[in-house]
Amino acid sequence: MTVGRTENRDAPGQLLSDGTELRRQVEEVVEATPVFDIHTHLYAPEFGALNLYGIDELLTYHYLIAETFRSAAVTPESFWQMRKVDQADLVWRTLFVENTPLSEAARGVVTVLDAFGLDPAATDLAEARAFFGAQEASAHLDRVLDLARVGDVVMTNDPFDEAEARVWEPGAHLDSRFHAALRMDGLLNDWERTSAKLSALGYDVDASLGGGTTSEVRRFLNLWIARMKPLYMAVSLPDDFKFPDTDARDRLIREVALATALEHGLPFAVMVGVRRGVNPALRAAGDGVGRADVSAVERMCAWRPDVRFLATFLSRENQHELCVAARKFSNLMPFGCWWFLNNPSIVSEITRERLELLGPSFIPQHSDARILEQLIYKWRHSRRVIADALSESYERLLGSGRAVTRPEIERDVSRMFDGNFRDWVGRR
Ligand code: RAT
Ligand code: ZN
């Protein structure tokens with residue numbers, strides 16, 4: 001290792017002035033730093049059957065189902081009639097045996113199998129089924145979190161989901177590694193149906209938002225905030241999302257969501273750019289992407305400077321604008337490379353432009369895992385790309401005459417993987 005002459009005063013340590021050694025240290029730190037996974041669809045163990053794990057769930061992930069339709073002679077209608085094990089067999093045969101698993105989602109399954117010492121080139125699923133079937137749930141959860149180096153997991157919690165509701169009894173005690181996020185899609189994207197549900201629950205609401213409707217909806221949210229203790233509220237929004245607007249969603253965002261965010265000091269997360277049901281026959285695999293208007297989020301940030309926003313956009317074309325918006329609004333935190341963007345080439349590009357425009361003041365990734373073991377591949381793959389992007393930034397800095405130390409690298413990575421989010425949600 002090349003050792004510099006001076007030490008940085010705030011972060012004592014040897015200056016890393018050799019490019020190869022610098023890269024090695026960055027890779028080591030990025031590998032070792034525990035992450036706060038800020039958006040997943042996983043559940044705490046207490047949610048029982050909602051916890052998805054194992055090879056059949058991994059293979060029937062909607063990302064892989066969409067890819068199977070491109071290569072197998074099966075219609076969506078007949079696919080949905082198959083039993084889950086038969087669907088998994090078909091996906092395996094189609095994407096892993098008859099074809100090479102080149103896509104990101106397919107390679108992910110390979111990474112997971114390899115992590116457990118299972119044969120990723122097997123011609124059938126017998127070995128994998130036997131392995132996952134033999135795992136004891138709580139030890140397996142610990143092992144997966146450990147392999148993925150995930151310290152904390154944020155769930156996606158829908159207050160209207162009956163299967164979840166049972167667990168949120170007053171005083172319910174959840175595994176402390178799992179945290180709630182109050183999902184507002186039903187409320188903000190499907191108000192008509194949701195207002196009927198609220199009426200049925202005894203809330204005095206009407207579909208045209210008259211009378212005391214908004215305070216009744218806030219009363220409903222207050223109850224769920226008390227039960228779930230969410231770290232933030234979240235919604236996914238379409239590509240044509242506008243703010244301000246003249247629809248019910250606009251009033252609900254202003255008078256319910258943002259008013260509640262303010263009252264409880266909860267950040268509001270927006271995930272913008274999804275076109276739901278582009279091909280409804282594909283069910284969960286049938287959503288698409290559209291370029292959205294980042295200025296709508298800028299206007300929300302300007303309208304409520306006292307609310308902290310988390311934002312991610314689904315379209316690659318929106319990423320640079322999001323970085324620029326975050327430079328203008330310090331109450332805006334860009335996060336993650338969402339869904340169709342979670343591929344090495346795009347994660348690399350997005351992470352680089354964020355580092356260049358925002359330094360370490362963003363949250364580089366979330367997993368969006370739906371099946372427990374996905375944490376392993378999503379984080380392994382992302383860490384590799386993030387380490388590359390970060391190494392290049394430090395190397396350029398070195399080229400400009402400023403070497404960094406190991407403690408500085410640790411500080412930066414821990415800020416991006418954990419600290420930025422903790423600060424944002426007030427959980428330092
Ligand atoms: O990435 C996904 O699994 C999507 O289906 C969505 O769940 C998306 O992440 C969302 O939270 O809306
Ligand atoms: Zn998600």
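Here are a few things to note about the model shown:
- Net charge of Cβ neighbours under 12 Å - reference Ala261; Lys, Arg +1; Asp, Glu -1: +1
- Per residue accessible area in Å² of region 296-386, where ligands, DNA and RNA are left out and the probe is 1.4 Å: 31 Å²
- Candidate residues Ser348, Ser414, Ser330: accessible-area rank, largest first, probe 1.4 Å: Ser330, Ser414, Ser348
- Between amide H atoms placed 1.01 Å from N, distances below 5 Å from Ala234 occur with Leu182, Arg183, Met184, Ala269, all of them 5 or more places distant or on a separate chain.
- Spherically averaged projected area of the chain from its Cα convex hull (nm²): 22.1 nm²
- Surface composition of the chain: carbon and sulfur atoms hold 49% of the protein heavy-atom accessible area at a 1.4 Å probe.
- Simple spin-label estimate for Thr123 and Asp86 in nanometres, 7 Å along Cα-Cβ: 2.2 nm
- Beta bridges assigned by DSSP with both partners in the chain are antiparallel in approximately 20 percent of cases.
- Near Glu373, the amide H atoms lying under 5 Å from its own belong to Gly54; only residues 5 or more places off or on other chains count, and H is placed 1.01 Å from N.
- Near Pro159, once Lys and Arg are set to +1 and Asp and Glu to -1 for all other residues with Cβ below 12 Å from its Cβ, the sum equals -2.
- For a modelled paramagnetic label at Ser330, 7 Å from Cα along Cα-to-Cβ, the residues of region 400-420 in reach, with backbone nitrogen under 16 Å, are 420.
- The mean accessible area for residues of region 131-190, using a 1.4 Å probe and ignoring ligands and nucleic acids, is 44 Å² per residue.
- Using only side-chain charges placed at the Cβ, +1 for Lys and Arg and -1 for Asp and Glu, the dipole size of region 50-147 relative to its Cα centre rounds to 180 debye.
- Spin-label model, Phe116/His41: points 7 Å from Cα along the beta carbon direction are separated by 2.0 nm.
- Here the chain is assigned +1 on the Cβ of each Lys and Arg and -1 on the Cβ of each Asp and Glu. Its dipole about the Cα centre then comes out at about 880 debye.
- Estimated translational diffusion coefficient (Stokes-Einstein, Kirkwood radius over Cα pairs, 10 °C, 1.306 mPa s) of region 188-230: 149 µm² per second.
- Since only Phe340, Thr94, Tyr61 are under comparison, the one whose Cα sits farthest along the positive direction of the charge dipole of the chain, derived from C-beta charges on Lys, Arg, Asp and Glu, is Phe340.
- Mean ellipticity per residue at 222 nm, deg cm²/dmol - from DSSP H runs of n ≥ 4 across the chain, formula -39500 (n - 2.57): -13500 deg cm²/dmol
- Segment Arg24-Ser78, extension gain: residue separation times 0.36 nm, minus the distance between their alpha carbons: 14.5 nm
- Solvent accessible area, Å² - His320, 1.4 Å probe, full protein context: 100 Å²
- Solvent-accessible area of Asp206 with every protein chain in place, 1.4 Å probe, in Å² to the nearest 10: 60 Å²
- Extension gain, Arg193 back to Ala139 (0.36 nm per residue minus Cα-Cα distance, nm): 15.4 nm
The values are calculated or read from the model by the stated rules, or taken from the named source; none is laboratory data. These numbers come from a predicted model, not from an experiment. Note: ideal-geometry Cβ built from the backbone for every residue, glycine included; neighbour counts use all protein chains shown. Accessible surface areas use protein heavy atoms only, side chains included; no ligands, DNA or RNA. Shrake-Rupley method; radii C 1.70, N 1.55, O 1.52, S 1.80 Å.
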